[in-house]
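**Student:** Quick one: the structure is below, questions incoming.
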Amino acid sequence: MNNKFLSLVANEAFAPSDLIKFCEENLSLNIINSNILSNQALEVEIENFDENKTQNLEKIFDDKKVDFCIRDKNYKNFKILLCDMDATMIANETLDDLVKITGSDFNVDETSKLAMEGKIDLRTTLKNRVEILKGQPKSLIDEVLKGIQFNSGGKTLVATLNKLGFESNLITGGFKPISTFVGEKLGFKNVISNEFNFDDNDCFAGDYIPITGEKNSKYKYMEKVSSEQNISFDEMVSVGDGSNDLQMLKHSGLGIGYHAHQIIKDNIPTQIKYTDLKTVLYFIGIKEKEFVS
């Protein structure tokens with residue numbers, strides 16, 4: 001057992017003293033220090049934290065609708081941010097949006113859900129959905145861009161970590177030029193994604209260029225960054241929601257599920273369920289006064 005930091009983030013303001021008292025009385029935690037991050041977020045240092053208590057913490061904080069994170073280091077120990085795009089940084093599933101615009105009767109919602117839950121092969125479903133677009137005009141992308149909804153807190157998350165010297169990466173199984181648009185709007189330094197092929201008439205060719213030619217492409221990108229920049233996985237923070245994010249989240253120094261599918265909830269201990277993307281900043285110990293809007 002060793003000392004750990006516990007970050008707590010709620011949707012509404014709370015009195016830190018009340019929350020500390022609640023933790024001490026209900027969780028049998030030996031709190032030796034506390035740090036107010038905002039009127040909705042608190043960090044406490046716990047002496048000799050027992051990892052076996054984590055499941056009990058989850059139940060208690062779920063009842064209170066409070067997101068929490070247990071870690072042993074703060075933001076100064078991290079250098080890389082890796083974020084998924086669809087259903088993480090934005091509310092949309094953009095490839096599904098494209099297919100729906102074509103009027104296809106392909107059940108994209110159910111197929112995407114099964115793929116994100118790891119119940120069917122993601123690469124096969126991507127191939128099938130891209131094939132549906134064959135012959136459709138590239139201009140459909142403009143319609144999708146008009147409907148993109150950015151999830152709350154995303155711009156603050158990226159801007160703040162950029163200012164602190166992080167290398168911010170939007171890494172997605174989605175497609176350029178949609179990913180490029182989202183990346184630029186949110187201020188990501190790098191955008192890594194699949195890319196559509198188009199024919200000579202500016203229509204979808206029905207195939208695409210993948211991020212890598214291998215499975216677990218996001219994890220492979222982590223390996224590339226680690227090798228080229230001599231940065232360990234422990235120095236990476238990642239955020240995602242679906243099965244194609246699992247290996248990235250598992251191997252990061254801090255992997256965070258964001259309003260995630262069950263496969264991520266079952267395998268990744270740190271989850272954002274009730275609050276927004278600014279919670280990532282609180283989870284690594286950054287105070288609200290340091291946030292960049």
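**Student:** Taking interchain pairs and intrachain pairs at least six residues apart, which have beta carbon atoms under 6 angstrom, with the first residue in the stretch 222-251 and in contact (Cβ under 8 Å) with a residue 60 or more places away in the chain and the second open to solvent by 40 Å² or more (accessible area, probe 1.4 Å) and among the small types (Gly, Ala, Ser)?
**Tutor:** Correct list of pairs: SER243/GLY118.
**Student:** Same structure again: Please determine, by comparing only the residues of the stretch 33-69 that are outside any helix (DSSP H, G or I) and open to solvent by 70 Å² or more (accessible area, probe 1.4 Å), which one is nearest to GLY285 (Cα to Cα). Show your work before the answer.
**Tutor:** Let us first name the residues in the stretch 33-69 that are outside any helix (DSSP H, G or I), namely 33-50, 64-69.
This time we only want the ones that are open to solvent by 70 Å² or more (accessible area, probe 1.4 Å), so: 33, 36, 39, 47-48, 64-65.
Details: ASN33: 13, ILE36: 10, ASN39: 14, GLU47: 17, ASN48: 19, LYS64: 21, LYS65: 20 Å.
Checking each candidate, the answer is ILE36.
**Student:** Answer yes or no as to whether ILE264 is under 21 Å from LYS119 (Cβ atoms) and surrounded by 24 or more Cβ atoms within 10 Å (Cβ to Cβ).
**Tutor:** Yes, satisfied.
**Student:** Residue check: is ILE101 over 14 Å from the mean Cα position of the chain (by Cα) and farther than 18 Å from THR270 by Cβ?
**Tutor:** It is true that ILE101 is over 14 Å from the mean Cα position of the chain (by Cα) and farther than 18 Å from THR270 by Cβ.
**Student:** Inside the stretch 97-114, can you point out the residues that are among the acidic types (Asp, Glu) and either modelled with pLDDT under 90 or surrounded by fewer than 18 Cβ atoms within 10 Å (Cβ to Cβ) (or both)?
**Tutor:** Those that are among the acidic types (Asp, Glu) and either modelled with pLDDT under 90 or surrounded by fewer than 18 Cβ atoms within 10 Å (Cβ to Cβ) (or both): ASP105, ASP109, GLU110.
**Student:** For the condition closer than 21 Å to LYS134 by Cβ and not small (Gly, Ala, Ser), what is the one hit in PHE150, PHE166, PHE196?
**Tutor:** Working: PHE150 fails: closer than 21 Å to LYS134 by Cβ; PHE166 fails: closer than 21 Å to LYS134 by Cβ.
Unique residue meeting the criteria: PHE196.
**Student:** Based on what the data block shows, is SER17 in a strand (DSSP E or B) and small (Gly, Ala, Ser)?
**Tutor:** It is false that SER17 is in a strand (DSSP E or B) and small (Gly, Ala, Ser).
**Student:** Given the condition in contact (Cβ under 8 Å) with a residue 40 or more places away in the chain and touching a His at 6+ places or on another chain (Cβ under 6 Å), answer yes or no: does some residue in the stretch 95-116 qualify?
**Tutor:** Yes; the residues of the stretch 95-116 include at least one that is in contact (Cβ under 8 Å) with a residue 40 or more places away in the chain and touching a His at 6+ places or on another chain (Cβ under 6 Å).
**Student:** Additional query: Looking at the stretch 13-46, which of the residues that are hydroxyl-bearing (Ser, Thr, Tyr) and over 29 Å from the mean Cα position of the chain (by Cα) is nearest to LYS65 (Cα to Cα)?
**Tutor:** Looking at residues that are hydroxyl-bearing (Ser, Thr, Tyr) and over 29 Å from the mean Cα position of the chain (by Cα), I get SER17.
**Student:** Report every pair of residues separated by at least 6 positions or lying on different chains whose Cβ atoms are under 8 Å apart, first residue within the stretch 7-34 and touching a residue at least 60 places away in the same chain (Cβ under 8 Å), second open to solvent by 80 Å² or more (accessible area, probe 1.4 Å).
**Tutor:** ALA10/LYS64; ALA10/LYS65; ASN11/LYS65
The values are calculated or read from the model by the stated rules, or taken from the named source; none is laboratory data. Source: prediction; values computed, not measured. Every residue, glycine among them, receives a Cβ derived from its backbone with ideal geometry; neighbour counts consider all protein chains shown. Accessible surface areas use protein heavy atoms only, side chains included; no ligands, DNA or RNA. Shrake-Rupley method; radii C 1.70, N 1.55, O 1.52, S 1.80 Å.
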